[in-house]
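Have a look at the structure below, then the notes.
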Amino acid sequence: MSNNAMSNNGFYPNGSASSQSILRTEHVTKTYTDGQVNALVDVSIDIHRGEYVSIMGPSGSGKSTLLNMLGMLDRPTSGEVFLDGQPVSRVKSLDQLRAQKIGFVFQSFYLLPVLSAEENVQVPMFEGTLPMNLRPQKAAELLAVVGLSHRVNHLPLQLSVGERQRVAIARALANDPILLLADEPTGNLDSKSADGVFELFARLHRERGMTIILITHSDDLGQRADRIIRMQDGHMHSDTRSPGVAMPIAANNGASNANGSSSGLGMLRPPRPKSILPPFAVPDHG
Ligand SMILES: Nc1ncnc2c1ncn2[C@@H]1O[C@H](COP(=O)(O)OP(=O)(O)OP(=O)(O)O)[C@@H](O)[C@H]1O
Ligand SMILES: [Mg+2]
């Protein structure tokens, strides 16, 4: 089931396009029994590796419900979700699959107040496979990726709200997820911090080939994605790609970035002789 065209870290070198489906919903419906709300009605979406997708739409239109289905935080009433081609309904331990494959970012950060930035980033690693002794270094490297090398020992309350969200993004990357899902990640941020967070998502996508799906109410920020899915009354109202974006592109093979030796994200990081940070996962599944 691996794809031969793909490098072993899952990137598509030389900017070649991936047409591989990573996440797919087939006729997904979600009805909340209390009040019989049809929060999602027959939604079929195919997200490809390396895509940067924004989900937009009015309040109550089903955006969070859809993201919860995509992130396996909830199960559909009917229909099926496929991750890497595998039907999610047949997975016994969703918690484990989720922890290993998906990074989440929420509007309200959910950082643990008594833990430092670096310790917060390590929390999801308890569900991962990295040995304990390597976790602090990896957390520090992830904080460097989000531009917070100088704040590793700060508690959440000692950080600005924008910095807190960047810690949460570093935490979302802790187990090298194949997908980053964010529900209104800038909802609690001022416009400057929101801009910084969106720039960070764009760079993770562009330079690391991350597949990113995020919800935003901001037209301005949402338009920065390659693809915009608009929800309306539980239905997918439209699904459009930005002009010039034919297919998802994992621009660079992220390998050069892993050592902090290239431009862009790597520059946010102090030079390290040997990084334990993989080039942002997208591990070859199977
Ligand atoms: N647990 C629940 N029980 C009953 N109804 C729910 C539940 N969660 C959501 N809903 C309803 O489902 C619909 C879709 O909710 P959802 O949270 O997906 O909207 P949204 O587009 O994310 O809105 P917002 O922009 O305000 O976050 C709404 O009408 C909401 O009231
Ligand atoms: Mg919502």
I'm told G85 meets every condition in (1) over 30 Å from L155 (Cβ atoms); (2) surrounded by 15 or more Cβ atoms within 10 Å (Cβ to Cβ) except one. Can you identify the failing condition by its number? (2)
What tally of residues in segment 161-175 results from selecting those that are aliphatic (A, V, I, L, M), buried (at least 23 other Cβ atoms within 10 Å of the Cβ) and part of a helix (DSSP H, G or I)? 5
Is it true that some residue in segment 103-112 is more than 15 Å from ligand 2 (Cβ to nearest atom), among the aliphatic types (A, V, I, L, M) and under 30 Å from S160 (Cβ atoms)? yes
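Would you check which residues across segment 23-53 are at negative phi, in a strand (DSSP E or B) and surrounded by fewer than 15 Cβ atoms within 10 Å (Cβ to Cβ) and list them?
Y32, V37, S44, D46
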Any residue at all in segment 61-81 that's more than 16 Å from ligand 1 (Cβ to nearest atom), surrounded by 22 or more Cβ atoms within 10 Å (Cβ to Cβ) and within 17 Å of the chain's Cα centre (by Cα)? no
For T186, indicate whether it is in a loop (DSSP other than H, G, I, E, B), surrounded by fewer than 18 Cβ atoms within 10 Å (Cβ to Cβ) and on the phi < 0 side of the Ramachandran plot. no
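Condition first: of a type in the set (S, T, N, Q) and over 21 Å from H48 (Cα atoms). Now tell me which residues in segment 65-124 satisfy that. It would help to see each step written out before you state the result.
Going residue by residue through segment 65-124, those that are of a type in the set (S, T, N, Q) are 65, 68, 77-78, 86, 89, 93, 96, 100, 107-108, 116, 120, 122.
Once the filter is applied, which keeps residues that are of a type in the set (S, T, N, Q) and over 21 Å from H48 (Cα atoms), segment 65-124 yields T77, S78, S93, Q96, Q107, S108, S116, N120, Q122.
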So which residues in segment 1-22 are at pLDDT 70 or above and either over 21 Å from the mean Cα position of the chain (by Cα) or in a loop (DSSP other than H, G, I, E, B) (or both)? Q20
What are the pairs with Cβ atoms under 9 angstrom where one residue, in segment 135-151, is on the phi < 0 side of the Ramachandran plot and the other, located anywhere, is crowded, with 23+ Cβ neighbours inside 10 Å and of a type in the set (F, W, Y)? Sequence gap at least six, or different chains. V145/F280
Within segment 65-91, the residues that are in a loop (DSSP other than H, G, I, E, B) and of a type in the set (S, T, Y) are T77
Hey, does segment 99-115 have a residue that's in a helix (DSSP H, G or I) and modelled with pLDDT of 95 or more? no
For segment 21-60, which positions are within 15 Å of ligand 1 (Cβ to nearest atom) and of a type in the set (K, R)? K30
Take E127 and tell me if it is more than 30 Å from T31 (Cβ to Cβ), under 20 Å from the mean Cα position of the chain (by Cα), acidic (D, E) and modelled with pLDDT under 95. yes
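The values are calculated or read from the model by the stated rules, or taken from the named source; none is laboratory data. Model, not experiment: these values are computed from the prediction. Every residue, glycine as well, gets a Cβ built from its backbone with ideal geometry; the counts of neighbours run over all protein chains shown.
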